[in-house]
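Coordinate-derived values only; no laboratory data. Nothing here was measured: the structure is a model prediction, and the numbers come from that model. FYI the Cβ positions are ideal-geometry reconstructions off the backbone, even for glycines, and counts take in every protein chain you see.
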Amino acid sequence: MKNKKLTDVLKSVREHVVMRDFTTLRIGGVADYFFEAKTIDDLIKAVRTAVDFKIPYFILGNGSNILFSDYGFAGLVIKNTTTNIAIMKEKSQVIVDSGVMLPRLIMELASNDLAGLEFLYGVPGTIGGALHGNAGAWGNAIGDYLKNLTVLEKDPENGIPKVSQYDTSWLDFSYRSSKLKKIKSKEKPVILTARFQLARSQKEEIIRRLNAIQKKRQATQPIGLSAGSVFRNPIPKELKNISGSGTKNMPEFLKERTAGFMLDQAGAKKLKVGSAEVSNVHANFILNKNGAKGSEVRSLIEQMRDSVNEKFGVVLEEEIEYIGQW
Ligand SMILES: Cc1cc2nc3c(=O)[nH]c(=O)nc-3n(C[C@H](O)[C@H](O)[C@H](O)COP(=O)(O)OP(=O)(O)OC[C@H]3O[C@@H](n4cnc5c(N)ncnc54)[C@H](O)[C@@H]3O)c2cc1C
């Protein structure tokens with residue numbers, strides 16, 4: 001890549017792009033470079049180019065599970081908007097690009113009488129982001145439905161990112177986490193496509209379930225700018241590695257120890273820092289009321305953690321991730 005610039009190789013890359021516009025919290029400073037990957041080939045090319053140029057990269061889905069720093073990101077943000085969905089009705093399976101949004105996939109499956117992922121209806125994320133964090137709700141998690149996936153990862157022999165296919169076990173899912181979420185290196189593997197195993201069900205029946213789920217979400221979650229649950233529910237060590245959700249096989253008494261319950265009991269709903277406020281509907285949600293800064297959200301998170309630690313002696317851990325320079 002001698003004498004070449006990143007902008008020569010990735011033609012539509014943009015420089016100095018504000019990340020606020022690409023996160024559900026509407027928070028985030030400037031990324032040095034920003035590239036939208038509309039196809040899997042774009043995604044592969046962008047990652048390989050970043051590696052060639054020795055520039056850190058970050059794969060951005062819908063930005064719904066992250067707190068992006070006010071100081072931005074020194075590197076290339078690759079926004080994944082890949083779109084393909086290939087349904088194999090006879091096998092009740094789907095192969096989907098990692099940039100597809102969950103609600104779109106779920107509706108497409110419903111139109112084909114395929115069910116399974118309805119519990120994720122209303123989660124505003126991509127397939128890649130959902131697999132990265134093993135997204136779930138009400139005792140279900142996406143990892144339970146994954147059959148296999150393709151990823152782009154560094155070839156240990158020559159350092160060039162190559163495409164590999166793996167079974168579900170490669171992601172080593174645990175409650176709201178996966179092997180990828182635990183990797184802190186700058187050159188993390190990237191999920192390209194995923195194959196899910198679903199079940200046959202009548203479209204009308206699936207739509208009924210989706211309507212019920214939507215109502216449940218509306219009743220329990222706030223409207224406004226957020227990144228979903230701030231903290232994970234604390235799960236005892238012995239239950240941490242159960243395949244899917246942390247709550248499915250959880251003893252009854254632990255359900256009274258969810259992060260939301262403890263935050264509520266600890267009075268967190270009254271907390272705010274600047275324009276960042278704890279929701280009065282759900283104590284595990286932070287809302288950006290009016291141009292809140294990332295630093296304000298971060299200090300609010302510390303206050304929330306302290307409140308639960310003081311009342312219950314439990315140190316909550318973040319479900320959201322901090323991205324960029326802190
Ligand atoms: C209103 C609201 C409700 C929510 N409800 C839920 C819920 O019920 N359950 C739940 O689990 N979550 C929930 N969330 C959180 C969030 O929507 C999900 O975790 C979602 O799956 C994140 O996807 P994303 O595309 O937005 O990921 P992003 O926030 O863009 O990224 C999250 C992480 O995934 C990584 N990533 C993204 N794509 C890839 C890829 N292709 N390959 C490798 N890594 C990748 C990113 O690099 C980053 O580290 C909610 C959020 C909101 C705002």
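Put in line by how crowded their Cβ is, counting other Cβ atoms within 10 Å and starting with the fewest, LYS269, LYS182 read LYS182, LYS269. Each residue of the range 7-14 was assigned a 3J(HN,Hα) from its phi angle through the Karplus curve 6.51 cos²θ - 1.76 cosθ + 1.60 (θ = phi - 60°); the sequence is 5, 6, 8, 9, 4, 9, 5, 10 Hz, with glycine and proline shown as x. Separation of the range 161-209 and the range 265-326, taken as the distance between their Cα centroids, equals 28 angstrom. Residues whose amide H lies under 5 Å from that of LYS79, counting only those 5 or more places away or on a different chain, are PHE35, GLU36, ALA37, LEU60; hydrogens are built 1.01 Å from N in the peptide plane. Note that the range 265-278 has calculated 3J(HN,Hα) couplings of 4, 7, x, 5, 4, 8, 7, 7, 9, x, 9, 9, 10, 6 Hz, one per residue in order, obtained from phi through the Karplus relation 6.51 cos²θ - 1.76 cosθ + 1.60 (θ = phi - 60°); glycine and proline are x.
Kindly work out what percent of the DSSP beta bridges joining two residues of the chain are antiparallel, to the nearest 5.
Numbers: 39 of 52 bridges.
Restricted to the chain, the bridges split so that about 75 percent are antiparallel.
For the options GLU187, GLU108, GLU90, a Gaussian network treatment of the chain with springs between C-alpha atoms closer than 10 Å singles out GLU90 as fluctuating the most. Close amide H contacts of ASP113 (hydrogens built in the peptide plane, cut-off under 5 Å, sequence separation of 5 or more or a different chain): LYS203.
Within the chain, no helix built from a complete DSSP H run reaches 30 Å or longer along its own axis (Cα positions) while carrying a mean Kyte-Doolittle hydropathy of 0.0 or higher.
Taking amide H as placed 1.01 Å from N in the peptide plane, THR23 has no amide H partner under 5 Å among residues 5 or more places away or on another chain.
Can you tell me the convex hull volume per residue for the range 85-204, based on C-alpha atoms, in Å³ to the nearest whole number? It would help to have the intermediate numbers written out before the result.
On the way: hull volume 12.3 nm³, N = 120.
About 103 Å³ per residue, rounded to a whole number.
The helix-only estimate of mean residue ellipticity at 222 nm for the chain, built from DSSP H runs of length n ≥ 4 each weighted as -39500 (n - 2.57), is -7500 deg cm²/dmol after division by the residue total.
Quote the relative contact order of the chain in percent (integer), defining contacts as alpha-carbon pairs under 8 Å separated by 6+ residues. Relative CO of the chain lands at 18 percent.
Computed over the range 12-80, the quotient of the alpha carbon radius of gyration and 2.2 N^0.38 Å is 1.02.
Going down the table (LYS154/LYS182; LYS45/LYS147; LYS147/LYS181; LYS215/LYS272; LYS188/LYS293), which pairs top 21 Å between alpha carbons? Mind dumping the intermediate values first?
Numbers: LYS154/LYS182 17 Å; LYS45/LYS147 26 Å; LYS147/LYS181 19 Å; LYS215/LYS272 28 Å; LYS188/LYS293 27 Å.
The answer is LYS45/LYS147; LYS215/LYS272; LYS188/LYS293.
The relative contact order of the range 1-146 comes to 19 percent, based on Cα pairs under 8 Å that sit 6 or more residues apart. Let a ≥ b ≥ c be the square roots of the eigenvalues of the Cα gyration tensor of the chain; is it rounded (a/c under 1.5), or, if not, prolate (a/b larger than b/c) or oblate? Oblate.
Going by C-beta contacts inside 10 Å, put HIS132, HIS16, HIS282 in order with the fewest on the left. Sorted ascending by nearby Cβ count, the order is HIS16, HIS282, HIS132. When restricted to Cα atoms, the range 25-161 yields an Rg and a Dmax of 16.2, 50 Å, respectively.
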